[in-house]
Amino acid sequence: MRKGIDRGSFRTYGWDGLIKILLIGNSIVMLTPIVIMFFSAFKTNAQIFQSPFSIPDFTNVKSLLRVWNETDFLLYMSNSLIVTASSIALILILGTMAAYAIARYEFRGSGFILLFFLAGLTLPLKLAIIPLFIQMRDFGLIDSRLSLIFIYVATGLPTTVFILTGFIRSLPNELEDAARMDGANEARIMWSIMLPLVRPAMVIAAIQNVVPIWNDFFFPLIFIQNNNLKTLPQGLTAFMGEFGTDWGVLFSGLTLSALPIIILYIALSRQFINGMTAGAIK
């Protein structure tokens with residue numbers, strides 16, 4: 001009996017140790033490029049190529065100052081902030097309304113509408129870039145932030161509706177029934193009762209969409225030619241010359257561009273974890 005317990009404990013601790021090793025290894029693989037990028041922002045071109053893994057002199061901020069003062073980095077970042085914030089706001093507003101209607105109201109065609117949204121997960125919009133470009137040209141949206149916002153909302157809604165529909169369906173109907181008995185209308189129920197409960201899932205949907213929107217290079221390259229409207233990924237290519245590249249300046253720009261997403265993720269990490277574990281707790 002004692003041997004069986006010892007063997008079981010050994011197996012449990014063995015699996016736990018293996019999982020911890022895998023997680024630590026995965027963390028190292030994920031964090032190494034970020035650390036190298038951060039270190040390279042404080043190095044010269046020669047130092048980057050001669051000792052890419054060495055710890056730099058953090059007082060050497062020449063590249064950071066050049067990015068801040070001698071380039072259009074602030075303009076590119078403001079464009080990315082406008083496009084990303086507008087897209088995420090529309091995705092969450094429209095996605096929450098659609099998911100609530102699909103999850104809570106029984107009507108003919110609700111299943112088809114959900115499948116219609118889910119079909120967007122299987123159809124990469126980049127394959128339709130030519131008809132999409134023609135459509136945006138006919139609407140007069142070429143060289144406009146609206147073209148990017150509309151495209152990002154269209155690509156983000158399927159994931160958002162999928163996440164929020166499943167989460168809303170897991171919530172008890174008694175909450176809404178009690179609110180209706182108290183005289184609350186449907187808009188009040190959604191705003192005051194359901195929205196606070198769905199907030200963790202909304203954070204998951206926001207993080208799921210904000211990273212690809214912020215980092216997207218393809219659609220700005222196609223639809224934006226005006227330098228005053230370029231987003232960060234597109235604008236950072238200006239730091240690369242035809243015959244040479246100042247890698248310190250480029251890595252400084254990459255580091256500064258990654259900071260908003262890292263800060264946002266850290267700020268919302270608690271909500272993100274709550275949303276990921278809410279289904280299991282229920």
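Of the listed requirements (1) in contact (Cβ under 8 Å) with a residue 60 or more places away in the chain; (2) under 30 Å from Ala258 (Cβ atoms); (3) assigned to a helix (DSSP H, G or I), Met190 misses just one: (2).
For Pro131, the conditions (1) surrounded by 13 or more Cβ atoms within 10 Å (Cβ to Cβ); (2) modelled with pLDDT of 85 or more are fulfilled apart from (1). Of all the listed residues (Leu229, Leu175), the sole one being surrounded by 12 or more Cβ atoms within 10 Å (Cβ to Cβ) and either polar (S, T, N, Q) or more than 25 Å from Ala154 (Cβ to Cβ) (or both) is Leu175.
The set of residues in segment 46-67 that are over 12 Å from Ser252 (Cα atoms) and either open to solvent by less than 70 Å² (accessible area, probe 1.4 Å) or of a type in the set (A, V, I, L, M) (or both) comprises Ala46, Ile48, Ser51, Pro52, Ser54, Ile55, Pro56. Among the residues of segment 68-77, none qualifies, meaning not one is open to solvent by 60 Å² or more (accessible area, probe 1.4 Å), out of contact with any Cys (no Cβ under 6 Å at 6 or more places or on another chain) and of a type in the set (Val, Ile, Thr).
When you scan segment 37-44, do you find a residue that is part of a helix (DSSP H, G or I) and free of Cβ contacts under 8 Å to residues at least 12 places away in the same chain, even just one? No, every residue in segment 37-44 fails to be part of a helix (DSSP H, G or I) and free of Cβ contacts under 8 Å to residues at least 12 places away in the same chain.
Of the helices (runs of 4 or more DSSP H) contained entirely in segment 195-271, those carrying at least 3 residues that are out of contact with any Pro (no Cβ under 6 Å at 6 or more places or on another chain) and either at pLDDT 85 or above or charged (D, E, K, R) (or both) fall at 195-215, 218-223, 247-267. Looking across segment 175-190, just one residue is more than 19 Å from Leu164 (Cα to Cα) and basic (Lys, Arg), and that is Arg180.
Scanning segment 191-202 for any residue that is open to solvent by 70 Å² or more (accessible area, probe 1.4 Å) and under 30 Å from Ile48 (Cα atoms) turns up nothing. Within segment 139-151, is there a residue that is buried (at least 19 other Cβ atoms within 10 Å of the Cβ), closer than 23 Å to Ile263 by Cα and within 21 Å of the chain's Cα centre (by Cα)? For segment 139-151, residues buried (at least 19 other Cβ atoms within 10 Å of the Cβ), closer than 23 Å to Ile263 by Cα and within 21 Å of the chain's Cα centre (by Cα): present.
The values are calculated or read from the model by the stated rules, or taken from the named source; none is laboratory data. Since we're looking at a predicted model, the values are computed, not measured. All Cβ positions, glycine included, derive from the backbone under ideal geometry; neighbour counts span all protein chains shown. Side chains are part of the model used for accessible areas, which takes the heavy atoms of the whole protein and leaves out ligands, DNA and RNA. Shrake-Rupley method; radii C 1.70, N 1.55, O 1.52, S 1.80 Å.
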